[in-house]
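**Student:** Dropping a structure here in structure tokens format, bear with me for questions.
The values are calculated or read from the model by the stated rules, or taken from the named source; none is laboratory data. Keep in mind that what you see is a predicted model, and the values were worked out from it rather than measured. Cβ atoms come from the backbone with ideal geometry, glycine included; neighbour counts cover every protein chain shown.
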Amino acid sequence: MSFVDRPRGRLVLADGSQFDGYLVGARTLPVRGELVFNTSMTGYQEVITDPSYAGQILVMTYPQIGNYGVVAGDSEREKIAARALVMRELSPFFSPAPGRDSLENLMSDRGLPGLTGIDTRAVTRCIRSRGAVMAAIGGQTHGYDELLALARSQSFSRGESLVESVSGSPGSTAVAAGGRAAVVDLGMKKSILTRILDLGVSARVFDAAFSAKEVMGGRFDFLVLSNGPGDPADIPRVVAEVRGLIGRIPILGICLGHQVVALALGGRTYKLKFGHRGANQPVIDRGTGRVFITSQNHGYAVAEDIIDAGVSLTYTNANDGTVEGFADDARMIACVQFHPEASPGPRDTSFVFRQFHGLTEGWRDVEAF
Amino acid sequence: MSRRFDTKSVLVIGSGPIVIGQGCEFDYSGTQAVRALIEEGVRVVLVNSNPATIMTDPGLAHATYIEPLTFETCEAILEREHVDGILPTLGGQTALNLAVELAERGTLERLGVRLIGVDLEAIRRAEDRSEFKRLVEEAGYDTPRSGMANSVAEALELLKWLPLPLIVRPSFTLGGSGSGFARTRVELVAAVEQGVRRSPTGQVLLEESIEGWKEFELEVMRDRKGNHAVICSIENFDPMGVHTGDSITVAPVQTLRDREYQLMREAAFDIVDRVGMWGGANVQFALDPATGRMVVIEMNPRVSRSSALASKATGYPIAKIAAKLALGYTLSDLPNDVVGWISAAFEPALDYVVVKIPRWNFEKFHGAADVLGSQMKSVGEVMAVGRTFNEALQKAMRSLESDVCDLAATGCDLGTCISPQEVLARKLSRPNSERLTAIMAACRAGMTTAEIHALTKIDPWFLDNIRAIADYEERLRGLPDPCPPHLLRESKRLGFSDRQLGSIWGKTEEEIAELRARCGIHPTVKMVDTCAGEFEAGTPYYYLTYDDECEVSVGKASLGPVRKVVILGSGPNRVGQGIEFDYCCVHAAMALREMGVKSIMVNCNPETVSTDFDVSDRLYFEPVCYEHVMAIIGKERPDGIICQFGGQTPLNLVHRLQGTGVRVLGTSVDSIDRAEDRKRCSELLAGLGIEHPECAFASSREEAIAAAERLRYPVLLRPPYVLGGRAMELVRDHGELTAALEAALRSSGRGPLMLDKFVDNALEVDVDAVSDGERVVIAGVMEHIEEAGIHSGDSSCVTPPLSLGEEIVAEIEETTARIARALGVLGMVNVQFAVKDERIYCLEINPRASRTVPFVSKATGVAWVKLATRAMLGDRLPVDAVRSGARPFFAVKAPVLPFDKLPEVDSILGPEMRSTGEVMGIGRTFDEAFMKAQLAAGHRIAPRSQVFFSVANRYKREVIFPAKGLHQMGFRLVTTKGMGDVLRSHGIPSRVVPKISSGDREVLNLIGNGSIRLVINMAASRKALEDDKEIRLASNKAKIPCITSVAGLNALVLGLMSIQRGPISVQSLQEYIAALPALGAELP
Ligand SMILES: Nc1ncnc2c1ncn2[C@@H]1O[C@H](COP(=O)(O)OP(=O)(O)O)[C@@H](O)[C@H]1O
Ligand SMILES: Nc1ncnc2c1ncn2[C@@H]1O[C@H](COP(=O)(O)OP(=O)(O)O)[C@@H](O)[C@H]1O
Ligand SMILES: [Mg+2]
Ligand SMILES: [Mg+2]
């Protein structure tokens, strides 16, 4: 059981470097996308089904992927948004258990092409030293020049269409006693919704085409802005709607949601050299000095001058000092760059949901008073 | 607990001698901790009885006590050194237990000393099994169902609701000691009886057996603010039922879904929080693959064996950070050493797979059952790094240097080796040291994964990966010659060695290397950087794999002076080759650094200091075998390679390395050969006019018998090129020879057998010396306590010599110097002599640093390895000092033997080495030094207790005097009739018991129930020895010292007298050394 008998495939970067491997998964080739790497050692299924990877070619730095197969419940979304998956080795076997299937079957079924046998560490080092880069993957019939041209044909994917492509269909969940949440799906991981429902509330999910008016009209107890792909600056409409909601309803922003709130407040975002993607990002709670290990997946970050907008920084990254969260009690805003819903990754910060929920309780009464 | 930045001075407790269950991993952790504390400006006082450690180097801590790790000595040290705190979490269970004793007996309170990192209550919460269970359950996690019993009756009562099989574990013991499985009522009764006796509290825990579940371990750091991080997750290849120390383990976890892993991670944090400690800890879990039920097995509130592994597996310096957290730092205060600008509050991300395989030594312990269970039996371990599990597993397999060198193909064909089917099935279902090869054999024999899983309970993912190796091997066998390049490359990526490929295709290792070179298939170097390449790291920590990108550029040999040197390490610890050699390699690296020469370390033992990446300029975590060493040489192009310090492992490579053009530094390869080849050695000695035992060679039974008759009995039988006297046997007559020959001829294989005339009743002497080719400096002369015939590694010894006359010492030193000059020794040499009737016989020349080098270095206050390294690089020795100077104190080295862990093995000593470690005692008199060594080795003989004598007639006269001494000190003697009569005629009373051969078992009962605390057993012949075997086995079981030589007895009596004269006094090594004469001071 070895992949050496599979058709060969190739990854070509816009800077001209190339890496050879073998093709696995769906054969919808060639593909192109922004090349990014994720350092999680477990949770590949959650990672590849995270809609934030829309438009991207995902490189897993952990070298053996697929060891425990895939299970229906572990996907973050049914549709896979990532363009392709690059691995050192797709494990030819998986540890069996009832209901498990192989990762390769999932890739083939959901249209995710992949490359195995790639020196993923070399690719990662490339990205690290040169910054985010566009790339293309093809099979034996796609020549180097063709793939290079493809990789260079477009700069980074534009956000508006990306978010639209992954923003789910609107819907509501069963009524619950704890209150009502409005959730804007900008490409949301299922686990965010799960964590919200865990609070004992009901939720109505809006897609990216939502309006402030709709939200205000629903008399929700709070609003959650989800994660999603790309550059927040590419979705000015969403930013504008959110601006109209600030101070009128408690808002929890996560990842892209956090960046959107920052822009709505007049802050800035910028592209990181190669992003934070993995399950081991330490963040410091600026209030208590405690450190939490978090799950992250973002290529853009909020600039520190967000404090000029009158918010306080709540979390910063212990490694590079970037903004990981801000809040403003008066305007009922709490935003985090990391993923408190984990899945995959550490659940050290799952309290973020509870904490936020606690803060929102009774705000209407105060307002009424 | 409060902030403790006010801690100005700290006592660090080491872990003592290397024993099964507690290896040299604590030298790694202790050394890192001491350095870390010093970095923080703390005054460090250290106590450890193990001289072979780096941590006890006089230059490391401010005050180093090489003293027994007992309550009394620690108390005495605390009285002298006014420390603020004790750091008990870096010296294994030994240090933790000592700290508990010091706290419980009020010493800490009386002297105003506190424990740092962990307090008494926290230790109790974690170590008391029932309290720990309560804590885990309160936290909402599951544990195996269990009950406590104080007697067999209580245990049987528990069976009502706790069905068999059960695991029985005595409370408060370490390393799984005394624990075992009970599958039947009979087994249960036996296990409970034994357990109740072993436990200091007379209590055992009966626990639901969850054999076959998956086992996991998480290494956690926690600081005073309650921040934590998992540094490494480890999955056991061998499921529950095999001690983690005896399990093949893999990092990071391979077969857990993220959800399952995160649950474990959270549980680990929760438990560590509830126990409460600052530093490193580990938590063990089991998971039932059928139901998903997860249970907590145990937690160690300290740095452990697995922490060393985790540290090497990730590059995260666990012990260093743990020491700083104990001082009160938080994780975010500290930087990650690997990526300087990121914080230590970080969970390493790996982009490789790490496999650890334990190293057992069953072949040395006749009678030991090769069955693995909840008690550890391995003596060492190897770790390998690869990009896939298959690759790492195969690399680990060859790092072991065991007889079966590779997982596939090489040497013996496992498919035929382990058969028939029933044997195979047994090898699979009963965990044992050869299970991995049995799995391979089963795959070849066509067993399905499901079948193998049913027998082993090993996760199918692992089994399938082994099957992939077997299948690929099969495929390679059927390929045309030469193999298509892409398939050859794939074989390397699966971890096949050139040697394996050679044996598949009937080619030599070199031919395969050439074939690879022609296809352009070369190993690539990758870095271990804690962050999977996310950040740029400066760690000079590498491994080899087959990938696209190589992270080091090919080096250039300097044409001028030596600028860059490779040091080959000693591989896994095993009996005969242990931590001493790691000490030597580390010192060599330190010497090179001082000389401004770049050092490149190659080793595969995760327990060591040498594999700390800041010890050398570059570390390659790789098997110390030809292919890998050549690959490293090819990348680095060093100016030279040092093979003298890693024991026999690198020395065995010199011939082949020499042929490849790399410069072997130090003694020439030809001289090494002249010393090692017994024929050439004998010619050399004859040429120099040095007496040596006559020897002969034999390739067959008949030749051997003829040779023995010519040499005249007794003779010593030895296979060629061995270390640690493997399979050596002393035979006293024709009958014994024929009995021994069969096994010897089987184990030889690599050349003819050798027979030496045995020098009977001789004193043995070890000499270590350094030479620059002309000048020679004698490092030390060590007189053995036990007579020649007991392996030098198993014999106690004293330096300076005690009973040898001045002229004999001079002759020994002169002779050593002549040998060194004749061989043109560059670096170190060790010569062993037997002294009989004022004549000296040279027994052996070891053209390398020996096991005793660290001991001698500490006894003389001279860093001999550094001197030797300088000599090897061309420096002249500062003096020509053939005579070693007088010293105002004695240093005694005593071996530590593993018979308490292997109670079914006969403890009689012989020319085959069996000790796992050693201790040192220093004193102003021999008696004091000897007694300290005995205490350090764990021999505590309660005053006025009973001593049993079973002594053959020929020794009776010699034991009268020591027996009298014991009597006068208040010991009560127990003897058999003959000895009783002899003693009575000398006015010494004794209690007479019947001989065991009469069928009466009274003595065995007295030993078994602890009434007898010391056994003296000297037999005249092999046959008589056999008869007494039961006595020795009973003493092993009861953990009672058994003295088998007159010399040993005499020394012990002197020692006992010395403690009767007054309490043991302690003094630091630095104080001892300061009192040494100028010679030591002149040298570096
Ligand atoms: N309930 C159990 N059933 C089966 N095996 C067990 C059980 N508890 C422990 N073991 C086995 O015994 C080994 C040693 O137990 P552990 O509690 O870790 O003690 P130690 O202090 O010696 O490390 C474990 O690694 C595990 O393989
Ligand atoms: N000819 C001999 N006469 C007496 N004892 C011997 C003789 N040769 C070896 N021995 C004993 O056997 C032990 C091991 O032999 P040695 O040659 O040193 O092997 P190793 O290479 O294992 O150190 C020695 O330490 C010594 O006690
Ligand atoms: Mg354990
Ligand atoms: Mg020897």
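**Student:** Restricted to region A:169-181, and to residues that are modelled with pLDDT of 80 or more and not charged (D, E, K, R), which residue is nearest to the chain's Cα centre (by Cα)?
**Tutor:** The extreme case among them is A:Pro170.
**Student:** Only one of B:Ile271, B:Ile231 is under 21 Å from B:Ala319 (Cα atoms), away from ligand 1 (no atom under 11 Å from the Cβ) and in a helix (DSSP H, G or I); which?
**Tutor:** B:Ile271
**Student:** Where in region A:97-159 are the helices (runs of 4 or more DSSP H), entirely inside, with at least 1 residues that are within 14 Å of chain B (Cβ to nearest Cβ)?
**Tutor:** A:103-109, A:120-130
**Student:** Given the conditions (1) over 30 Å from B:Gly1055 (Cβ atoms); (2) surrounded by fewer than 24 Cβ atoms within 10 Å (Cβ to Cβ); (3) touching a Lys or Arg at 6+ places or on another chain (Cβ under 7 Å), which single one is not true for B:Met828?
**Tutor:** (2)
**Student:** Within region B:841-875, take every residue that is away from ligand 4 (no atom under 16 Å from the Cβ) and not in a helix (DSSP H, G or I) and give me the one that is nearest to B:Glu1071 (Cα to Cα).
**Tutor:** Checked region B:841-875; the qualifying residue nearest to B:Glu1071 (Cα to Cα) is B:Gly861.
**Student:** Would you point out which residue out of B:Ile1031, B:Ile1016, B:Ile1040 is assigned to a loop (DSSP other than H, G, I, E, B), within 30 Å of B:Ala762 (Cβ to Cβ) and at pLDDT 85 or above?
**Tutor:** Just a single option satisfies the conditions, and that option is B:Ile1040.
**Student:** Of (1) surrounded by fewer than 24 Cβ atoms within 10 Å (Cβ to Cβ); (2) without any contact (Cβ under 8 Å) to a residue 40 or more places away in the chain; (3) at the interface with chain B (Cβ under 9 Å from one of its Cβ atoms), A:Arg88 satisfies all except one. Which?
**Tutor:** Of everything listed in (1) surrounded by fewer than 24 Cβ atoms within 10 Å (Cβ to Cβ); (2) without any contact (Cβ under 8 Å) to a residue 40 or more places away in the chain; (3) at the interface with chain B (Cβ under 9 Å from one of its Cβ atoms), A:Arg88 misses just condition (1).
**Student:** Just to be sure, is B:Arg265 under 25 Å from B:Glu137 (Cβ atoms) and either of a type in the set (Phe, Trp, Tyr) or within 11 Å of chain A (Cβ to nearest Cβ) (or both)?
**Tutor:** Answer is yes for this residue.
**Student:** Moving on to the next point. What single numbered condition from (1) within 12 Å of chain A (Cβ to nearest Cβ); (2) modelled with pLDDT of 95 or more fails to hold for B:Ser247?
**Tutor:** (1)
**Student:** How many residues are part of a loop (DSSP other than H, G, I, E, B) and surrounded by fewer than 22 Cβ atoms within 10 Å (Cβ to Cβ) if we restrict to region B:114-128?
**Tutor:** Selection size over region B:114-128: 2.
**Student:** Going through region B:770-814 one residue at a time, which ones are within 16 Å of ligand 4 (Cβ to nearest atom) and part of a helix (DSSP H, G or I)?
**Tutor:** B:Ile812
Yes or no, residue by residue, for (1) buried (at least 24 other Cβ atoms within 10 Å of the Cβ); (2) more than 9 Å from chain A (Cβ to nearest Cβ); (3) free of Cβ contacts under 8 Å to residues at least 40 places away in the same chain:
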residue: B:Ser332; (1), (2), (3): no, no, no
residue: B:Gly340; (1), (2), (3): no, yes, no
residue: B:Glu347; (1), (2), (3): yes, no, no
residue: B:Val353; (1), (2), (3): yes, no, no
residue: B:Lys364; (1), (2), (3): no, yes, no
residue: B:Gly367; (1), (2), (3): no, yes, no
residue: B:Asp370; (1), (2), (3): no, yes, no
residue: B:Ser374; (1), (2), (3): no, yes, no
residue: B:Ala384; (1), (2), (3): yes, yes, no
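**Student:** Taking region B:884-898, which residues are surrounded by fewer than 24 Cβ atoms within 10 Å (Cβ to Cβ) and touching a helix residue (DSSP H, G or I) at 6+ places or on another chain (Cβ under 6 Å)?
**Tutor:** Hits for region B:884-898 are B:Gly885, B:Phe889, B:Phe890.
**Student:** A follow-up question, please. Any idea which of A:Ser343, A:Ser295 is surrounded by 22 or more Cβ atoms within 10 Å (Cβ to Cβ), within 12 Å of chain B (Cβ to nearest Cβ) and at pLDDT below 95?
**Tutor:** Of A:Ser343, A:Ser295, the one residue that is surrounded by 22 or more Cβ atoms within 10 Å (Cβ to Cβ), within 12 Å of chain B (Cβ to nearest Cβ) and at pLDDT below 95 is A:Ser343.
**Student:** Could you list, in sequence order, all residues of region B:432-458 that are surrounded by 23 or more Cβ atoms within 10 Å (Cβ to Cβ) and assigned to a loop (DSSP other than H, G, I, E, B)?
**Tutor:** Of everything in region B:432-458, just one residue is surrounded by 23 or more Cβ atoms within 10 Å (Cβ to Cβ) and assigned to a loop (DSSP other than H, G, I, E, B), namely B:Ile458.
**Student:** I'd like to check something: does region B:1050-1058 contain any residue that is among the small types (Gly, Ala, Ser), within 36 Å of the chain's Cα centre (by Cα) and not in a helix (DSSP H, G or I)?
**Tutor:** For region B:1050-1058, residues among the small types (Gly, Ala, Ser), within 36 Å of the chain's Cα centre (by Cα) and not in a helix (DSSP H, G or I): absent.
**Student:** Same structure, new question: Look at region A:12-63 and say how many of its residues are of a type in the set (Gly, Ala, Ser), within 14 Å of chain B (Cβ to nearest Cβ) and closer than 22 Å to A:Ser2 by Cβ.
**Tutor:** 1
**Student:** Please determine whether any residue of region B:673-689 is under 27 Å from B:Ser915 (Cα atoms), outside any loop (DSSP other than H, G, I, E, B), touching a Gly at 6+ places or on another chain (Cβ under 8 Å) and within 11 Å of ligand 2 (Cβ to nearest atom).
**Tutor:** The answer is no, given that none of the residues of region B:673-689 is under 27 Å from B:Ser915 (Cα atoms), outside any loop (DSSP other than H, G, I, E, B), touching a Gly at 6+ places or on another chain (Cβ under 8 Å) and within 11 Å of ligand 2 (Cβ to nearest atom).
**Student:** While we're looking at this one, here's another question. Looking at (1) within 13 Å of chain A (Cβ to nearest Cβ); (2) touching a residue at least 40 places away in the same chain (Cβ under 8 Å), which is the only condition B:Asp548 fails?
**Tutor:** For B:Asp548, the exception is condition (2).
**Student:** Can you confirm whether region B:630-648 contains a residue that is of a type in the set (Asp, Glu) and closer than 30 Å to B:Ser553 by Cβ?
**Tutor:** Yes.
**Student:** Here's something else I'd like to know. Restricting attention to region B:274-313, which residues are of a type in the set (A, V, I, L, M) and either more than 26 Å from B:Thr330 (Cβ to Cβ) or not in a helix (DSSP H, G or I) (or both)?
**Tutor:** Passing the criteria: B:Met277, B:Ala281, B:Val283, B:Ala286, B:Leu287, B:Ala290, B:Met294, B:Val295, B:Val296, B:Ile297, B:Met299, B:Val303.
**Student:** Only one of (1) surrounded by 23 or more Cβ atoms within 10 Å (Cβ to Cβ); (2) within 14 Å of chain B (Cβ to nearest Cβ); (3) not polar (S, T, N, Q) is not met by A:Cys255, so which one is it?
**Tutor:** (2)
**Student:** Quick one: is B:Ala323 touching a strand residue (DSSP E or B) at 6+ places or on another chain (Cβ under 7 Å) and within 14 Å of chain A (Cβ to nearest Cβ)?
**Tutor:** So B:Ala323 does not fit the description; no.
**Student:** Only one of (1) under 24 Å from B:Gly92 (Cα atoms); (2) touching an Asp or Glu at 6+ places or on another chain (Cβ under 9 Å); (3) in contact (Cβ under 8 Å) with a residue 24 or more places away in the chain fails for B:Asn236. Which number is that?
**Tutor:** Every listed condition holds for B:Asn236 apart from (3).
**Student:** While we're on this one: Might you let me know whether region B:1005-1012 holds any residue that is farther than 25 Å from B:Val19 by Cβ and of a type in the set (A, V, I, L, M, F, W, C)?
**Tutor:** Yes.
**Student:** Just checking: which of the helices (runs of 4 or more DSSP H) contained wholly in region B:479-544 hold 3 or more residues that are within 14 Å of another protein chain (Cβ to nearest Cβ) and out of contact with any Leu (no Cβ under 8 Å at 6 or more places or on another chain)?
**Tutor:** Qualifying helices (runs of 4 or more DSSP H): B:485-493.
**Student:** Could I ask something else about it? Can you give me the number of residues within region A:69-85 that are touching a strand residue (DSSP E or B) at 6+ places or on another chain (Cβ under 7 Å) and either farther than 20 Å from A:Glu164 by Cα or within 14 Å of chain B (Cβ to nearest Cβ) (or both)?
**Tutor:** 4
**Student:** Out of A:Ala132, A:Ala122, I need the residue that is more than 24 Å from A:Leu256 (Cβ to Cβ), touching a residue at least 60 places away in the same chain (Cβ under 8 Å) and not acidic (Asp, Glu). Which one?
**Tutor:** That would be A:Ala122, the only listed residue that is more than 24 Å from A:Leu256 (Cβ to Cβ), touching a residue at least 60 places away in the same chain (Cβ under 8 Å) and not acidic (Asp, Glu).
**Student:** Have a look at A:Arg77, A:Arg6, A:Arg83, A:Arg10 and point out the one that is of a type in the set (Lys, Arg) and touching a His at 6+ places or on another chain (Cβ under 9 Å).
**Tutor:** Of the residues listed, the single one that is of a type in the set (Lys, Arg) and touching a His at 6+ places or on another chain (Cβ under 9 Å) is A:Arg10.
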